[in-house]
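Here's the structure we're looking at; comments come further down.
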Amino acid sequence: MRVLFATPECAPLTKTGGLGDVSAALPAALRALGHDVRVLLPGYPAVLGALPQAHEAARLELLGEQARLLDAGELLLIDCPALYLRDGGPYQDAQGADWPDNPRRFGLLSRVAALLSGGASPLEWRPQVLHCNDWPCGLAPVYLSFETSRAAAVMTVHNLAFQGVFDPAWLRSLALPVATFSIEGVEFYGKLSFLKGGLAYADAITTVSPTYAREIQTEELGCGLDGLLRARRDALSGIANGIDTDAWDPQRDAHLAQTYGRWTLERKSANKEALQRRLGLAVDAGRPLLGTVCRFTEQKGIDLVAEAADELLALPAQLAILGTGERRYEEALGAAAARHAGSLGLVVGFDEALAHLIEAGADLFLMPSRFEPCGLNQMYSQRYGTLPVARSTGGLADTVSDGETGFLFQRATAAELAAAVRRALEVWRDARRWRDMQRRAMERDFSWAAPARQYAALYSRLARWQPA
Ligand code: ADP
Ligand code: GLC
């Protein structure tokens, strides 16, 4: 299969969360199965800087922008300095404010994705399937519907809470015909919704776990799009993500103080000690160390960790927390860290190396998410023998087996989180049982091979009745 994989972020060049990881690992896993996958990505400074060998494949004039399509082999880049050449993240400036021209930035990404997937593509290479990821690619299936001899379009939802909803005044400069601004199209309560366009026009919709595929059809987690998703349920499926088992391998991880495996678990403790030192915690092998790494947002339930902190530390236990995000959560955690110097270590920032050390050094990994489309850290932590304590939702429910490879709890409250940690620590104190659970968790196969095969099967089903 020839597949064009369009995405706003791709690790290690640019990553704000799990989508960056998926955009690197899934195309690679599909290639390993023999498929021809190219990734289309905006030419942010970090991307262009890392790929100086990229050469011009076409000059584009779209949506009133002058741009160049750069060919870097497996990657195709959109070089449009007016839109992408600036310091900051893919979606926000350095202060954390959304770029005011995001509709143009990602309108262009969507438009180029559609161009390359239709009859008017300037490239000889023609994909059979266009795979779109999250709202920044949401308009691609809409634009593609106007192309002749087009590829089939798959829309993957990594997080339904982010929809790309903007003033309808953008319609004109995005060259969207007024007919698309309807309840069957991009219109969402009087606004223009990128994601709704993708969900309405794609030939197939996927999301990143089977449970989340069901949850988004309910009012509770449907974010206002549950009606549309129910109407399209025959086109909707859930495929749980895998993880990059090379980058996340406790036997070979260069970020660790000490590598270890299933049969050398005694060596894991050197990482606990290194983590305790790194965060200024009391060095004590006998004290359970609870870790967490996440964006500080309501989704991740990081407020529940802050709320439960006093109770958790009194168990006794230590906390190792890494993340960035909303100011209110950074402040609440900062206050807890100040109250509990030596037992609560907090690092505010994005730090890949420390994320690996927390996965290896902690005893338990906390993920009290209010919703979680898939989640990657619970899989990393099982692979590292750091058993997850997670809320039973979305991909967490699909990838953690309660009492076998981790601990699940039902309601998003500080009390239920603390109760689940207590339950986990009862097992932790029983060295034999704990080892058994660790080994069972470490044995689980979270590689991309199986999910990649599921995507490939979906692609070939679609390509068979490919719209002309
Ligand atoms: P989401 O995409 O919703 O943020 P995921 O669990 O799918 O959640 O993916 C998050 C990814 O980002 C993981 O690889 C995690 O380790 C990483 N990550 C999140 N915050 C940080 C941070 N502050 N430092 C390092 N890595 C982080
Ligand atoms: C989103 C979700 C996360 C998922 C990731 C990759 O960011 O919040 O649960 O793992 O996308 O699909």
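The values are calculated or read from the model by the stated rules, or taken from the named source; none is laboratory data. Keep in mind the model is a prediction, meaning the values are calculated, not measured. Note: ideal-geometry Cβ built from the backbone for every residue, glycine included; neighbour counts use all protein chains shown. These accessible areas exclude ligands, DNA and RNA; they are computed on the full protein's heavy atoms, side chains included. Shrake-Rupley method; radii C 1.70, N 1.55, O 1.52, S 1.80 Å.
Worth a mention:
- Subset tally (residues that are touching a residue at least 24 places away in the same chain (Cβ under 8 Å) and away from ligand 1 (no atom under 16 Å from the Cβ)) for the range 214-252: 10
- Failed condition for residue 256, given (1) touching a strand residue (DSSP E or B) at 6+ places or on another chain (Cβ under 8 Å); (2) open to solvent by less than 60 Å² (accessible area, probe 1.4 Å); (3) away from ligand 1 (no atom under 14 Å from the Cβ); (4) within 21 Å of residue 381 (Cα to Cα): (1)
- Hits in the range 277-299 (condition: outside any loop (DSSP other than H, G, I, E, B) and surrounded by fewer than 22 Cβ atoms within 10 Å (Cβ to Cβ)): 277, 278, 295
- In the range 140-165, the residues that are within 16 Å of ligand 1 (Cβ to nearest atom) and assigned to a strand (DSSP E or B): 156, 157
- Residue among 30, 41 that alone is open to solvent by less than 40 Å² (accessible area, probe 1.4 Å) and either of a type in the set (Asp, Glu) or over 17 Å from the mean Cα position of the chain (by Cα) (or both): 30
- Residue that is nearest to ligand 1 (Cβ to nearest atom) [pool: residues in the range 335-354 that are open to solvent by 10 Å² or more (accessible area, probe 1.4 Å) and in a helix (DSSP H, G or I)]: 352
- Scope the range 385-398; condition open to solvent by less than 10 Å² (accessible area, probe 1.4 Å) and outside any loop (DSSP other than H, G, I, E, B); matching residues: 387, 388, 389, 390, 394, 395, 396
- Looking only at the range 140-165, and only at residues there that are open to solvent by 40 Å² or more (accessible area, probe 1.4 Å) and of a type outside the set (S, T, N, Q), the one that is farthest from residue 213 (Cα to Cα): 146
- Flag if residue 189 is surrounded by fewer than 16 Cβ atoms within 10 Å (Cβ to Cβ), at pLDDT 95 or above and either hydroxyl-bearing (Ser, Thr, Tyr) or within 17 Å of the chain's Cα centre (by Cα) (or both): yes
- Inter-residue pairs, beta-carbon under 6 Å, first β-branched (Val, Ile, Thr) and in the range 18-41, second away from ligand 2 (no atom under 16 Å from the Cβ), 6+ apart: 37/3; 37/31; 39/75
- Out of 30, 75, one residue alone is under 20 Å from residue 154 (Cβ atoms) and either in contact with a helix residue (DSSP H, G or I) (Cβ under 6 Å, 6 or more places away or on another chain) or within 16 Å of ligand 1 (Cβ to nearest atom) (or both). It is 30.
- Just one of the numbered conditions (1) open to solvent by 10 Å² or more (accessible area, probe 1.4 Å); (2) farther than 25 Å from residue 250 by Cβ; (3) within 16 Å of ligand 2 (Cβ to nearest atom); (4) part of a helix (DSSP H, G or I) is not true of residue 370: (4).
- Identity of the residue in the range 122-139, surrounded by fewer than 21 Cβ atoms within 10 Å (Cβ to Cβ) and under 16 Å from residue 62 (Cα atoms), that ends up nearest to ligand 1 (Cβ to nearest atom): 123
- Of all residues in the range 88-102, none satisfies the criterion of being assigned to a helix (DSSP H, G or I) and crowded, with 23+ Cβ neighbours inside 10 Å.
- Among the residues of the range 304-325, those that are open to solvent by 30 Å² or more (accessible area, probe 1.4 Å) and in contact with a helix residue (DSSP H, G or I) (Cβ under 6 Å, 6 or more places away or on another chain) comprise 307, 311.
- Residue 312 satisfies every condition listed in (1) closer than 22 Å to residue 400 by Cβ; (2) at pLDDT below 95 except (2).
- Search result, residues across the range 44-87 that are open to solvent by less than 40 Å² (accessible area, probe 1.4 Å) and under 24 Å from residue 172 (Cα atoms): 60, 62, 63, 65, 67, 69, 78, 79, 80, 83, 84
Rundown of residues vs (1) out of contact with any strand residue (DSSP E or B) (no Cβ under 7 Å at 6 or more places or on another chain); (2) under 30 Å from residue 460 (Cβ atoms), yes/no style:
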| site | (1), (2) |
| --- | --- |
| 56 | no, no |
| 59 | no, no |
| 68 | no, no |
| 81 | yes, no |
| 86 | yes, no |
| 110 | yes, yes |
| 116 | no, yes |
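- Hits in the range 373-416 (condition: hydroxyl-bearing (Ser, Thr, Tyr) and either free of Cβ contacts under 8 Å to residues at least 40 places away in the same chain or within 14 Å of ligand 2 (Cβ to nearest atom) (or both)): 380, 381, 392, 393, 399, 401, 405
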